[in-house]
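Contents: one structure, followed by commentary.
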Amino acid sequence: MNSETGKNLINHLLSSALSDLKLTSHLDSLDIKVPNSEFGDYSSNAALVLAKKVKQNPKVVAAKIIEEIAKNESFKDLVTMKEQGGFINFTFTPKYLTENLNKILEQGDLYGCSVSGQGKTVVVEYFQNNVAKPPHVGHLRSAVIGDCLLRVLKSQGYKAVSDTHIGDWGTQFGILLFAYKEYLKSGGDKKQIEADPISELNKLYVGMSAKIESEPELRDQGKEEFAKLEKGDTENRELWQWFVRVSLADFENYRKILDILPFDHNLGESFYEDKMPAILADLKQKNLLSESEGAQVVNLEEQKLGVAVLVKSDGATTYLTRDVATIKYRVEEMKLEKMLYVVDNRQSHHFDQLFEIAKQAKYVPEAHTAEHVDFGFMSLPEGAISTRKGTTISLKNLIEEARKRAAQIIEEKNPGLENKQAVAEQVALAAIKYFDLSHNRKTEIIFTWDKALSFEGNTGPYLQYTHARINGILRKVVSSESRVESELATSNSQLATPELAVLRKLVLYPEVVAQVAKDYLPNGLCNYLFELSQEFNSFYQAVPVAQEQDLKIRDFRLQLITATAQVLRNGLYLLGIEAPEEM
Ligand code: ARG
């Protein structure tokens, strides 16, 4: 059987028929869609488009195309075709569906993987935490979405690497150094900071920033400390290295708690410090940099992107300058062709400026892509979780709360479960991650516990539960010794409707994944897995599986649910969600 997706098969059948009919030149591209299931598995509007060009009735054109495809003996028994309202609708035959079922059983974890990205390099940049600051919910979203995209791109054969671009440079570190030194001067104890460094350092920074508000002249002392740090002053360097060290340990801790893949690179903003002078010189030489009120800027007014400041009037380089250095380094040194920045949408303007400067300076070849994979803010309804300030939620609180609630639910639903603690953790993470991923990332979302943790509806726990339920059914069969006869399913043309619905859904999985690798919208995969679970549940309600008396049919159904569990597991893996065997 053809190793490609169902859509590839249809595409192949259609395009070879069109080329045999010498109609290809009339079409820019083939638009093959998944119609409402009553119309079939795929639908093409090719006849409608062509009819206008060749001035014929679409029904006539469709009939001709269908006739041409039907000549193709080798695919005759895989798909049936029908003209409806000028559309050509394709429906897979039970034979094709059974072959695909076997493909899932054979490929296992690899079902849905492809080689379409082979030979292409990509960096996914996410979880860009800031040193000496606790991560917030924005960083959580970045972590969850970025981790998913990395997994998806890898599954499509890309040479995909991850990087964090940690915020470890800039004037704020001068202010922190100043605050820390003031703290020691006024009798503060280093040990107290060491006990809980991130939140203590953050407190010092926040306190000093507030003080600067009322006494702006203090800012200069912060700037001075940063200047010393830049020049390599030993004391400041050592302190800064300490801030970075404790922060990296903290981020690694969060990474493990969040159960996201380890990072390939941890190149913070400071990594690009020594690369900036050359870039500024280069931009000047290319006539892109100009002077404005003592600052060095790139004027992007013509592109309606305002004025981009690369060096402030006090001589300090900016966040943007470091990003310009980063993008150049990624292309030239790391040989990356595709660069994805998973960052919240408040930074859209920043990335528009960055990409425009990179384009004008020719740092990114035209065939490469740099994209801001933006997302909206996630907030909690008022009062849902208490925080000190009540506005931003810390990542820590969110995860702890999720764990507590998940443990409670497991306790109610399945008190006898063996590894309750571990499962509760997997359910908690599934709830948070899936809530995030199942919404179109571009939208602002309001997190609600009941919705996220529900075992019904479009939630992570529901998908986990469906997967565990299938495993439960299969476990019983195995323990009753009534094993499935053969490894592979035999074609059965008497398929029941709910059976067909699951089989047809399973065919779509590989291209759903391929689509996420194109539009970077994981919610497409979430919706698919949810629909698959629903199809499975209707099927399971409608027909007997383990109890089916006809052993041939019983085995087929067992194979069908095995494949369904496999696809759920594969999909959940790409979302970064565990699929417990039992829950
Ligand atoms: N550290 C920044 C923040 O927390 C995000 C960095 C995004 N990435 C980048 N290349 N600018 O806001």
Projected onto the charge dipole of the chain (unit charges on the beta-carbon of Lys, Arg, Asp and Glu, signs +1, +1, -1, -1), the Cα from VAL364, PHE455, LEU305 with the largest positive-side position is that of PHE455
Ignoring ligands, DNA and RNA, what percent of the 1.4 Å accessible area of segment 502-547 is carbon and sulfur?
47
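What order do you get for 167-180, 52-65 when each peptide is scored by the mean count of other beta carbon atoms within 10 Å, highest first? List each step's numbers first, then the result.
On the way: 167-180: 22.5, 52-65: 15.5.
Highest-to-lowest ranking by the protection proxy: 167-180, 52-65.
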Answer rounded, prolate or oblate for segment 399-556, using the Cα gyration tensor with square roots of eigenvalues a ≥ b ≥ c: rounded when a/c is under 1.5, else prolate when a/b is larger than b/c, else oblate.
oblate
Taking Cα pairs under 8 Å and at least six residues apart, what relative contact order does segment 96-185 come out at, in percent?
36
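How high is the FRET efficiency between ASN266 and ASN57 when r is their beta carbon distance and R₀ equals 56 Å, given to the nearest 0.05?
On the way: r = 63 Å, r/R0 = 1.12.
Once rounded, the FRET efficiency stands at 0.35.
What accessible area per residue comes out for segment 489-583, rounded to a whole number of Å², with a 1.4 Å probe?
Per residue, segment 489-583 has 38 Å² of solvent-accessible surface.
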Specify which residue in the list SER186, GLN56, SER114 is farthest towards the positive end of the charge dipole of segment 47-202, using unit charges on the beta carbon of Lys, Arg (+1) and Asp, Glu (-1), about the Cα centre.
GLN56
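Find how much the distance from ASP550 to GLU291 grows on full extension, using 0.36 nm per residue of separation minus their present alpha carbon separation; answer in nm with one decimal. Show your work: numbers first, answer last.
Details: separation 259, 0.36 × 259 = 93.24 nm, distance 8.31 nm.
Residue separation times 0.36 nm, minus the Cα-Cα distance, leaves 84.9 nm.
Would you kindly state how much longer the chain becomes between GLU217 and ASP20 on full extension, computed as 0.36 nm times their sequence separation minus their alpha carbon distance, in nm to one decimal?
Values: separation 197, 0.36 × 197 = 70.92 nm, distance 7.86 nm.
In short, 63.1 nm is gained.
Let me make sure I get this right: for segment 98-243, a, b and c are the square roots of the gyration tensor eigenvalues over alpha carbons, sorted descending. Under 1.5 in a/c it's rounded, otherwise prolate if a/b > b/c, else oblate. Which is it?
Values: a/c = 3.70, a/b = 2.98, b/c = 1.24.
Note, shape of segment 98-243 comes out prolate.
Let me know the charge dipole size of the chain about its Cα centre in debye, to the nearest 20, where only the beta-carbon of Lys, Arg (+1) and Asp, Glu (-1) is charged.
On the way: 69 positive and 81 negative charges, 205 e Å.
That gives the chain a dipole magnitude of about 980 debye.
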With Cα coordinates, the longest principal axis of the chain makes an angle with the long axis of helix 276-285, in degrees rounded to 10, of 80
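Determine Rg/Rh for segment 22-62; Rg is computed over alpha-carbon atoms and Rh is the Kirkwood hydrodynamic estimate from the same atoms. Could the numbers behind the result be given before it?
On the way: Rg = 11.1 Å, Rh = 11.0 Å.
For segment 22-62, the value is 1.02.
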Taking only protein heavy atoms into account and a 1.4 Å probe, give the accessible area per residue of segment 240-348 in Å².
48
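Once R0 is set to 56 Å, what does the formula 1/(1 + (r/R0)^6) return for the Cβ-Cβ distance between GLU333 and LYS64, expressed as a FRET efficiency to the nearest 0.05? Intermediate values should be presented prior to the final figure.
Details: r = 55 Å, r/R0 = 0.99.
Efficiency, rounded to the nearest 0.05: 0.50.
Compute the length gained on full extension between GLU356 and THR497: take 0.36 nm times their separation in residues and subtract their Cα-Cα distance, giving the result in nm to one decimal. Intermediate values should be presented prior to the final figure.
Details: separation 141, 0.36 × 141 = 50.76 nm, distance 5.36 nm.
Value of the extension gain: 45.4 nm.
With +1 on each Lys and Arg Cβ and -1 on each Asp and Glu Cβ, and nothing else charged, work out how big the dipole of segment 81-129 is about its Cα centre, in Debye to the nearest 20. Mind showing how you got there, number by number?
On the way: 4 positive and 5 negative charges, 31 e Å.
That gives segment 81-129 a dipole magnitude of about 140 debye.
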Whole-percent pair-distance distribution, where bins are 20 Å wide, for the alpha carbons of the chain
18, 43, 29, 10, 0
Give me the orientation-averaged projected area of the Cα convex hull of segment 144-194, in nm², one decimal.
5.7
How many percent of the alpha carbon pairs in segment 242-372 exceed a separation of 19 Å?
55
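Residues of segment 53-94: accessible area per residue at 1.4 Å, in Å²? Kindly include the intermediate steps, with their values, before the conclusion.
Working: 2340 Å² over 42 residues.
Ligands and nucleic acids excluded, the figure is 56 Å² per residue.
Using helices alone, what [θ] at 222 nm do you get for the chain, with -39,500 (n - 2.57) per DSSP H run of 4 or more residues, divided over all residues and rounded to the nearest 500?
The helix-only estimate for the chain comes to -18000 deg cm²/dmol at 222 nm.
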Relative contact order as a percentage, segment 330-383, C-alpha pairs under 8 Å and 6+ apart, gives 52
If packing is taken as the average number of other Cβ atoms within 10 Å across a peptide's residues, how do 513-519, 563-569 rank, most packed first?
563-569, 513-519
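Would you mind checking LYS7/LYS76; LYS338/LYS359; LYS275/LYS518; LYS133/LYS181; LYS191/LYS256; LYS335/LYS362 for any pair whose Cα atoms are more than 22 angstrom apart? Mind dumping the intermediate values first?
Numbers: LYS7/LYS76 16 Å; LYS338/LYS359 14 Å; LYS275/LYS518 32 Å; LYS133/LYS181 18 Å; LYS191/LYS256 26 Å; LYS335/LYS362 15 Å.
Long pairs (Cα-Cα over 22 Å): LYS275/LYS518; LYS191/LYS256.
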Need one word for segment 95-135: rounded, prolate or oblate. Basis is the Cα gyration tensor (sqrt eigenvalues a ≥ b ≥ c); a/c below 1.5 gives rounded, then a/b vs b/c decides.
prolate
Where does helix 94-107 land angle-wise versus the long Cα axis of the chain, in degrees 0 to 90, nearest 10?
40
So for R0 = 45 Å, FRET eff. of GLN241-GLU456 from the Cβ-Cβ r, to 0.05, ends up at 0.35
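The values are calculated or read from the model by the stated rules, or taken from the named source; none is laboratory data. A quick note: this is a predicted structure, and the numbers were derived from the prediction, not measured. Cβ sites come from the backbone with ideal geometry, for glycine too, and all protein chains shown count toward neighbours. Quick note on the areas: whole protein, heavy atoms, side chains included, nothing else; ligands and nucleic acids left out. Shrake-Rupley method; radii C 1.70, N 1.55, O 1.52, S 1.80 Å.
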